[in-house]
Amino acid sequence: MPEGPVIAEMFSGIAPRYDLANHVLSFGMDFGWRQRLADAVAAKNPPVVVDLATGSGDVAFALKKKLGAGVKVSGLDFCRPMLEVAERKKAKLPSAWDISFAFGDCLNLPLADNSVDALTIAWGVRNLADRPRGFAEMRRVLRPGGSLFVLENSQPEGWARPLCRFYMNAFMPFAAGLLTGKPDAYRYLAVSSSGFPGREALAAEMTAAGFTRVRYEALGLGAVALHEAEK
């Protein structure tokens, strides 16, 4: 796994066209996945929500739209160019005026102990240089009874596995190169996804980190999963 600064630089290079690439490469399914995440968070009625590895802010915006004005939503990321994209998008969304975006590393969160009701992280856990440390930080900042939601690439099964592997390793870097001019960043995505734990293994890691009531839902032929856990 590359170190954090290397990953941050990689995302800096694709920041201007990151959203377009996400929408095209997921065939638009990323909109539904984020909505599923927002629905799961809303079921908990959390007053304070922080989106980690927020990137260009799409998850934070989806959360705010779903949760409404009475809920405090913030986004943290360790890639400043991505945060700049999020701020530009925020300026065009009147309903998002009170979302706060700030620099923050998942391995050293700038948040107090027991201060957050719900944490979300979409396509960010895969990039952590030290997952146990990252999960420990997430658990530290959650209030007792608070929830962690992880939306991440997973390992499809059966006939979908070779299909998804071909897509990730061959088609996606080529298409992403055309869209962003940075095919290497998406080759990294393919490699990091292929070595990422499956749904049960990731749930076991979360349990080992001290989370309880860990459960998951497969999405997109199993190529994506939504995990939910409690402190």
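The values are calculated or read from the model by the stated rules, or taken from the named source; none is laboratory data. These numbers come from a predicted model, not from an experiment. Cβ coordinates were reconstructed from backbone atoms using ideal geometry, including for glycine residues, and neighbour counts include every protein chain displayed.
Looking at 77, 39, can you tell me which residue is touching a helix residue (DSSP H, G or I) at 6+ places or on another chain (Cβ under 9 Å) and either under 17 Å from residue 22 (Cβ atoms) or touching a residue at least 60 places away in the same chain (Cβ under 8 Å) (or both)?
Just a single option satisfies the conditions, and that option is 77.
Could you say whether any residue in the stretch 136-153 is in contact with a helix residue (DSSP H, G or I) (Cβ under 9 Å, 6 or more places away or on another chain) and without any contact (Cβ under 8 Å) to a residue 60 or more places away in the chain?
no
Give the stretch 30-51 a look and list any residue that's hydrophobic (A, V, I, L, M, F, W, C), assigned to a helix (DSSP H, G or I) and surrounded by fewer than 16 Cβ atoms within 10 Å (Cβ to Cβ), or say none.
Selection gives 31 alone.
Is at least one residue of the stretch 78-91 within 17 Å of the chain's Cα centre (by Cα), closer than 30 Å to residue 171 by Cα, part of a strand (DSSP E or B) and not β-branched (Val, Ile, Thr)?
no
Taking residue 149, is it within 20 Å of residue 44 (Cβ to Cβ), touching a Ser or Thr at 6+ places or on another chain (Cβ under 6 Å) and aromatic (Phe, Trp, Tyr)?
Criteria met by residue 149.
For the stretch 90-104, enumerate the residues that are touching a helix residue (DSSP H, G or I) at 6+ places or on another chain (Cβ under 7 Å) and at pLDDT below 95.
Answer for the stretch 90-104, where residues must be touching a helix residue (DSSP H, G or I) at 6+ places or on another chain (Cβ under 7 Å) and at pLDDT below 95: 93, 95, 96.
When the stretch 56-74 is examined, which residues are found to be buried (at least 24 other Cβ atoms within 10 Å of the Cβ), in a loop (DSSP other than H, G, I, E, B) and not polar (S, T, N, Q)?
Hit for the stretch 56-74 is 57, nothing else.
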